[in-house]
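I have placed the structure first, in the form of structure tokens, so that the comments after it can refer back to it.
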Amino acid sequence: MIGIIGAMEIEVSSIKSLLTDTVEQEISGIQFMSGKYNNKDIVVAKCGVGKVFAAMCAEAMILKYSPETIINIGVAGCLDNSLKIGDIVIADSVVQYDMDTSALGDPKGFLSGINIVKIPSDEEIVKKLQSAVDQAGIRNVMGTIASGDKFVNDSATKRFIISEFGGKACEMEGASIGHVCYVNKVPFGVLRAMSDGADETSHMDFEEFTALAAQNSTAVLKNFLNI
Ligand code: ADE
């Protein structure tokens, strides 16, 4: 079983429409759709926006469906000047940029208990995602994807995430899904298409370009499922 999580319906709807033999189940207010695609068992969920919903969704998916892999797809704010709207970042690691116990002497982003800052994605999944994105002919980079409970539309936050964590893209779920997968020992990957520049005009870009970006991320995921 492969688990797929997106925050918004637009990020998962075209994947859901590929599935046959579908079964739906609601857990803690989150709708899960399982089914088949290309002879593979798939479960897809729209988790909702933010780290708490994303963590709830990942945990419920692991407990109910035991996926061998979870992929988080969707859109993100761009932190890398070499990328344009629609281009893709594949996470080699994820970080929660708003986790901060530095007052207690920890580095910023430190996850007490598991005692790391950046959670690495699964190497095999990263390789497969790279082949899938190359096949789709979409420009892409690999790097850290940073998550926090904020829609970033100011240059100061953008600069902070870049300088502190070397983030290539910012969003609101990937690192919390990565955190849940890490503690449950489930291999994960995060793939995001750029919808905006994570600066003062990002809310306008987001409205204009989210559909296009979501289309690119689902196109790559389809390739991934066909590998
Ligand atoms: N998702 C898409 N764009 C984003 C942004 N600028 N900040 C946080 N999440 C996003």
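The values are calculated or read from the model by the stated rules, or taken from the named source; none is laboratory data. Computed from a predicted structure; not experimentally measured. Positions of Cβ are generated from backbone atoms using ideal geometry, with glycine treated the same way; all protein chains shown enter the neighbour counts. Remember, those area values only see protein heavy atoms, side chains included, never the ligands or the DNA or RNA. Shrake-Rupley method; radii C 1.70, N 1.55, O 1.52, S 1.80 Å.
One line per residue, one yes/no per condition, for (1) within 16 Å of the chain's Cα centre (by Cα); (2) of a type in the set (Asp, Glu); (3) open to solvent by less than 70 Å² (accessible area, probe 1.4 Å):
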position: 104; (1), (2), (3): no, no, no
position: 110; (1), (2), (3): no, no, yes
position: 114; (1), (2), (3): no, no, yes
position: 119; (1), (2), (3): yes, no, yes
position: 125; (1), (2), (3): yes, no, yes
position: 130; (1), (2), (3): yes, no, yes
position: 133; (1), (2), (3): yes, no, yes
position: 141; (1), (2), (3): yes, no, yes
position: 144; (1), (2), (3): yes, no, yes
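Out of (1) more than 16 Å from the ligand (Cβ to nearest atom); (2) on the phi > 0 side of the Ramachandran plot, what's the single condition that is false for residue 134?
(2)
Being within 18 Å of residue 51 (Cβ to Cβ), away from the ligand (no atom under 14 Å from the Cβ) and either touching a residue at least 60 places away in the same chain (Cβ under 8 Å) or open to solvent by less than 10 Å² (accessible area, probe 1.4 Å) (or both) narrows it down to one residue among 173, 164; which is it?
164
Tell me which residues, restricted to segment 137-153, are away from the ligand (no atom under 16 Å from the Cβ) and of a type in the set (S, T, N, Q).
Within segment 137-153, just 140 meets the criteria.
If you go through segment 74-93 one residue at a time, do you hit one that is in contact with a Phe, Trp or Tyr (Cβ under 7 Å, 6 or more places away or on another chain) and either over 20 Å from residue 214 (Cβ atoms) or away from the ligand (no atom under 16 Å from the Cβ) (or both)?
No, because not a single residue in segment 74-93 is in contact with a Phe, Trp or Tyr (Cβ under 7 Å, 6 or more places away or on another chain) and either over 20 Å from residue 214 (Cβ atoms) or away from the ligand (no atom under 16 Å from the Cβ) (or both).
Would you please list the contacts, defined by Cβ atoms under 7 Å and residues six or more apart or on different chains, that run from a residue in segment 102-128 that is farther than 23 Å from residue 70 by Cα to a residue that is of a type in the set (Lys, Arg) and open to solvent by 50 Å² or more (accessible area, probe 1.4 Å)?
That search, which allows pairs on different chains as well, returns 102/108.
Answer with yes or no whether residue 24 is more than 16 Å from residue 175 (Cβ to Cβ), in contact with a strand residue (DSSP E or B) (Cβ under 8 Å, 6 or more places away or on another chain), among the charged types (D, E, K, R) and within 16 Å of the ligand (Cβ to nearest atom).
When the stated conditions are applied, residue 24 does not pass them.
Could you check how many residues of segment 198-222 are over 14 Å from the mean Cα position of the chain (by Cα) and either open to solvent by less than 20 Å² (accessible area, probe 1.4 Å) or within 18 Å of residue 70 (Cβ to Cβ) (or both)?
4
Any residue that is open to solvent by less than 70 Å² (accessible area, probe 1.4 Å), charged (D, E, K, R), closer than 22 Å to residue 149 by Cβ and not in a helix (DSSP H, G or I) - is there at least one of those in segment 38-46?
The answer is no, given that none of the residues of segment 38-46 is open to solvent by less than 70 Å² (accessible area, probe 1.4 Å), charged (D, E, K, R), closer than 22 Å to residue 149 by Cβ and not in a helix (DSSP H, G or I).
Listed residues 161, 145, 177, 125; which is of a type in the set (Val, Ile, Thr) and out of contact with any Gly (no Cβ under 9 Å at 6 or more places or on another chain)?
177
Among the residues of segment 182-208, which ones are farther than 19 Å from residue 132 by Cβ and more than 9 Å from the ligand (Cβ to nearest atom)?
182, 183, 184, 185, 186, 200, 201, 204, 207, 208
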